[in-house]
Amino acid sequence: MADVDEEAIHLPDSQDSSGQIEVDLSDETQDFRFLSLLSDNTQATLPRRGEKDFEPNPTLYQADGLTASRQAMHNALAYPRLHNPKNKIIAVYAPDGPAPPASVLASKDSSKSDDTHKTLDAAAAAATNIGVSPHACVYALNPKGQYFRTMGQADRWNRVWLLPEEALYLLERGNLEIWWPLSSTSCADDNNQGELGVPMSLQAAYSCLMGRGGLTMERFSVFTGLKRLGYTLLRAPGWDEAPEPEKEGEDLQKDVVNESSNSGPSGLFGWLFQWITDSHSKSINPATGPLIGLGIHRSYREPSLITIPVDIYRRLDLIPWYDPAARKAPAEPTKPPFRVVFHVYKPSTPFRKTAPPEPDFRIAVIDARAQTTLPTLLQLGALLESTPLDPPRGEKMERMLYMRLRHGYRNVILAVVDQGVVSYLRIGDAAFGKEKMYKSKAGLSGPKTGGYSRSKPKAR
């Protein structure tokens, strides 16, 4: 009772607002004693996190509460994870990559003839030419469940090969059990699971799979985070960190020659016709000459609207602007880490492993500790040029200017990982020069004096 009375002395008065300080529960030591309910089999649902109902004070009552809270947390972490045997999926680790089963590689004749070597070479070639990625190193003997609808690649022996990030993700969720193989040169058969070795621990799985096939901790953090949210992820062609081959500029030179050879009407009549009809004629240069030169300026707007000569606005366009849809020189090859490594699909997007659609997002993973500076314009330009052209389409895009500028003609998401904390930044290749404000009806709204009109006060 003495400890309880002492605690009551240090508690602030509920009516005193000065003593009440806002405390973020995420920054404080939580009461984990509710985790002891997890060991109770009668508890069907997970309990909610409790709130901290005491202030720091040097009393034995609080020390005992903190000790009990820590012990409850340790007991919850040490509790064995049990899985239903019906949902148990066995997988085997293949350190040498995809390979045929042991029964295929077993030769009936013990003699090493040339025909036997040809058969083995054909079987090994068939195992790698069936659409299985060479980076796959774990295969499931009895694949089942919803996760294999979007993950894994099946071979002709009805085995589903998993990439390192997919195997680690399923292992962490408890949906997969990886076993060591007895032989590193061949794979076990489906009907002979007794030839498997021993189960692989989570620490051993991280040691064997992390760093294999270009998998890094940053890429795995992005993969698992989006997978838990329901997204579907596939490796992009830029997953490998090998430099891309530089493209030759022969096609561009041919296009330039063809464009220069295509000339319009020649002679005095052609020059006169172009001078009268084309407001962007080369014969009149507003940058060096008068803004309104000789010519016909009768390009008005619709008769129902206020007649404003559009030629004047066109001649005010003195600074050249960037057009993302225009044909340009071959893009510079991308260099890590500014390279698309993941194609991401929304949960609502219909997805098929055999024929994946166009991705909804393209993500480049960047380690904030290795890349400490902002990307340069050349790096961002090469990254955007590596993506296909995706202009804004749709009725909503045509109606709303802000959405068109935000979508852009190319867009990439940068996943910046800083010690496990992932931040997503979207970069778009917008075309501000293509939006002619003087052609839109919204550009003419407002008072003649400029600015926005104030709403009149309502009469009471």
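Worth a mention:
- Criterion violated by Thr349 - all others in (1) closer than 18 Å to Ile427 by Cβ; (2) open to solvent by less than 40 Å² (accessible area, probe 1.4 Å) satisfied: (1)
- Residue in the stretch 380-387 that is small (Gly, Ala, Ser), touching a Ser or Thr at 6+ places or on another chain (Cβ under 6 Å) and farther than 26 Å from Thr150 by Cα present: yes
- Scanning the stretch 411-442 for residues being more than 20 Å from Phe223 (Cα to Cα), assigned to a loop (DSSP other than H, G, I, E, B) and open to solvent by 90 Å² or more (accessible area, probe 1.4 Å) gives a total of 1.
- Matching residues in the stretch 151-165 - criterion: being surrounded by 18 or more Cβ atoms within 10 Å (Cβ to Cβ), in contact with a strand residue (DSSP E or B) (Cβ under 8 Å, 6 or more places away or on another chain) and not small (Gly, Ala, Ser): Met151, Gln153, Asp155, Arg159, Val160, Trp161, Leu162, Leu163, Pro164
- Residue satisfying condition, being modelled with pLDDT under 95, surrounded by 14 or more Cβ atoms within 10 Å (Cβ to Cβ) and of a type in the set (Lys, Arg), within set Arg212, Arg235: Arg212
Every residue, every condition in (1) farther than 21 Å from Glu218 by Cβ; (2) touching a residue at least 12 places away in the same chain (Cβ under 8 Å); (3) aromatic (Phe, Trp, Tyr), yes or no:
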site	(1), (2), (3)
Val365	no, yes, no
Ala368	no, yes, no
Thr376	no, no, no
Gln379	no, yes, no
Ala382	no, yes, no
Leu389	yes, yes, no
Arg393	yes, no, no
Leu401	yes, yes, no
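- Subset of the stretch 368-403 [of a type in the set (D, E, K, R), farther than 16 Å from Ile427 by Cβ and out of contact with any strand residue (DSSP E or B) (no Cβ under 8 Å at 6 or more places or on another chain)]: Arg393, Glu395, Lys396, Glu398, Arg399
The values are calculated or read from the model by the stated rules, or taken from the named source; none is laboratory data. Given the structure is predicted, the values throughout are model-derived calculations rather than measurements. Counting neighbours? That spans all protein chains shown, and the Cβs are built from the backbone with ideal geometry, glycine included. For the accessible areas, the whole protein counts, side chains as well, though only heavy atoms, and no ligand, DNA or RNA atoms are used. Shrake-Rupley method; radii C 1.70, N 1.55, O 1.52, S 1.80 Å.
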